[in-house]
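Below: the structure, in structure tokens.
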Amino acid sequence: MVEILVIDDDVVDFKPGLEHALRGYRLHWAESGKNGLETLEGNPEISLVLLDIKMPPHFAKIEHREGVEVLKRIKDDYPDLPVIMLTVLTDVELVVEAIQAGAFHYITKPLDRDKLRDTVRRATENVELKRQVGSLSRARDAVLSVHTGPRVKKGSRFQGMIGAHPLMKQLYSHIERAAQFDDMNIVILGETGSGKDLAARAIHQCSARRKKPYIAVNCASFPETVLDSELFGHEKGAFTGAESAHEGLFRQASGGTLFLDEIGEMSPALQSKLLRAIENQEVRPVGGKPVKVDVRLVCATHRDLAAAKEEGDFRADLYYRIWDIPITIPGLRERPEDIPLLVRHFLDASSARNNIACSITPEALAALAEHDWPGNVRELASTVRRLAVFAKEGVISEAQVRNTLGLAPGTAKPSEAPPQADAEPAPEPETKPTTLSVKTAASSESAPAPEDYPEIEDLGEFRRIHGEIRLKQVLERAIREGGNARAAMALLAMPDDRYDVFRKWLQRLDISVRELTE
């Protein structure tokens, strides 16, 4: 059921009529902007906000601007969450400002029930469309994951992190808590490929510094002299080749967050210079004078810094300066239950990038969970892409997974033999794919056979889970086999009274019954 938050100070008079108009939706109520934001934070399933444009002031100095100020706060933290403004005809200037601030639409009081329901329907459908477009866009940009645990701020926090395992939920909580103390430095610990860079960006997005720069640098990627200049800057003519001044990453990140990945690889000389920068909150460019900076430092390493400190490879005083808040990223082997979520996303990404339709069997998913994943999420992403390329008839099978990862038959752990990643998989028995179908532009020929038709009670829910293209494949095949719309509904076990809804979905998906049955 779609959940809607209503923020309006006139609840007593307004609530009965709105509940009647929006039957079939679950409504949450708040009588002030402050309470509305608190309700939104605590209810992860809210998909739409109805917001009164005039309320008693809390965030605004003048009463009539409170709704606009609350709207701005919602859009800052939940940029993809649609907000419909509730207003009166005399509020024209405020309505224009609200639309410019990101409101989805407005409805005038007293409410027209038909217009209200139509606007709410379009807004909630727009949310789903944005989610699909965002998923494809992130895939094209090679952002490897999305947060699928408890909902956090839409589009702004934890962007790029996948995981519903308790260890990941704990990680999200630690990140959000630590981010609030933006005068304290953070060290992120985790194995290679576990997502330390994503965690660092999430810390920045959760902090009060999120509107300021986020700068990241891998300390292992530069020679010592180059890293010195990159971090602290240099003046023109400071050394041979310095034809212009460079302010350095500390100054570029001032006011925001500087992420130093693999800080354990930094030379002793640079460790000393970094320590002075942290202690004095200033940097000295090569050939220049000290410059004040305001930077929140987030560091990451796969090394055991405590051991490096004891062995003299890492300065003890720097260790204690950066070790204000340690956060550990769990390895993938510690949360194998998240593998299906990750596989779903990587198959989507591979499909969007390469236009390859692919699904995976439950047995293949179980086999993936047997692997230890020393390269963690990064290794899984690479493996899934290879599996998709060589999948026979668009289905990743257990035999292919075991062949690719060098897994022994049955439930054995990986063998010591090197994986045959690019080998053509041996013939295997036909296996029914699981529901991790990929949203692709594949032809309808890959749709299920008639006896495998899913029972579809809610077309919208099926689209949300399996994707619009998968839904279109199933409907086209059902119509082709059944010969008309009602017969197709029977194949899908849809109730007869859903015929009008079924026809509207065919129109929305641009499916022509006549063309398919001629």
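Here are some notes:
- Near Ile162: Cβ cut-off under 11 Å, other residues only, Lys/Arg at +1 and Asp/Glu at -1. The net charge is +1.
- Cα lying deepest toward the dipole's positive end in region 286-409, options Ala408, Val395, His302, charges on Cβ: His302
- Over region 275-409, accessible surface divided per residue gives 42 Å², non-protein components excluded, 1.4 Å probe.
- Sum of side-chain charges, Met494 neighbourhood, beta-carbon under 10 Å (Lys, Arg +1; Asp, Glu -1): -3
- Net +/- balance of residues flanking Asn218 in space, Cβ distance below 11 Å, scoring K and R +1, D and E -1: -4
- Cα shape, region 278-334, gyration tensor, a/c 1.5 rule: prolate
- Counting only DSSP beta bridges whose two residues both lie in region 222-370, roughly 35 percent are antiparallel.
The values are calculated or read from the model by the stated rules, or taken from the named source; none is laboratory data. Here the structure is a predicted model, which is why all the values come from computation and not from measurement. Glycine gets a Cβ as well: all are built from the backbone with ideal geometry, and neighbour counts include every protein chain shown. Side chains included, ligands, DNA and RNA excluded: accessible areas come from the protein's heavy atoms. Shrake-Rupley method; radii C 1.70, N 1.55, O 1.52, S 1.80 Å.
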